[in-house]
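Each remark here refers to the structure printed beneath this line.
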Amino acid sequence: MTEKEKLRLDKYLWAIRLFKTRSLAAEACANNKVKSKGINVKAAKTVNIGDQYEVKTEARKWLIEVTELLHNRLQYSEAIKCYIDLTPEEEKEKVKTAAFVFQTGKRQSKQGRPTKKQKRELDEFME
């Protein structure tokens, strides 16, 4: 294997956009949130095509299989082509039912604080 073909696990998880930063991906490995075949793996582990990983992010659990090595971060539509999401359907359903949370962990729009229009309507109602 040449040096260019070797790819660290933390860099791969960052490149496929499971984590916002590479340091968050490395931290997840250090905190035993990334496993391969049920065994915790370190951030420096070399990634190979065909490897399967269980990854716990803030938003959900992932079960992925590596289909292509990705050294640089690309846009999401390209990054998702580099792995197969093997996550069971019931795990995906848990995410959909969680209030205010979806894949990236951000709050969904139209939820939370009222809009300016809604505030005006409340003020008119209270008068």
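The values are calculated or read from the model by the stated rules, or taken from the named source; none is laboratory data. The model shown is predicted, which means the values in this text are computed figures rather than measured ones. Counting neighbours? That spans all protein chains shown, and the Cβs are built from the backbone with ideal geometry, glycine included.
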**Message:** For segment 33-40, check the following and say yes or no: at least one residue is in contact (Cβ under 8 Å) with a residue 40 or more places away in the chain and either more than 11 Å from the chain's Cα centre (by Cα) or not in a strand (DSSP E or B) (or both).
**Reply:** no
**Prompt:** Pick from segment 37-51 the residues that are closer than 7 Å to LEU9 by Cα and not small (Gly, Ala, Ser): which of them is surrounded by the fewest Cβ atoms within 10 Å (Cβ to Cβ)?
**Reply:** THR46
**Asked** Of everything in segment 62-86 that's in contact with an Asp or Glu (Cβ under 9 Å, 6 or more places away or on another chain) and part of a loop (DSSP other than H, G, I, E, B), which residue is surrounded by the most Cβ atoms within 10 Å (Cβ to Cβ)?
**Response** LEU70
**Request:** Residue by residue through segment 77-103, note down the ones that are modelled with pLDDT under 85, closer than 16 Å to GLU54 by Cα and of a type in the set (Asp, Glu).
**Result:** GLU89, GLU90, GLU91
**Request:** Kindly establish whether ARG17 is buried (at least 18 other Cβ atoms within 10 Å of the Cβ), under 22 Å from LYS94 (Cα atoms) and among the charged types (D, E, K, R).
**Result:** yes
**Prompt:** Hey, any hits in segment 9-32 for a residue that's part of a strand (DSSP E or B) and touching a residue at least 12 places away in the same chain (Cβ under 8 Å)?
**Reply:** no
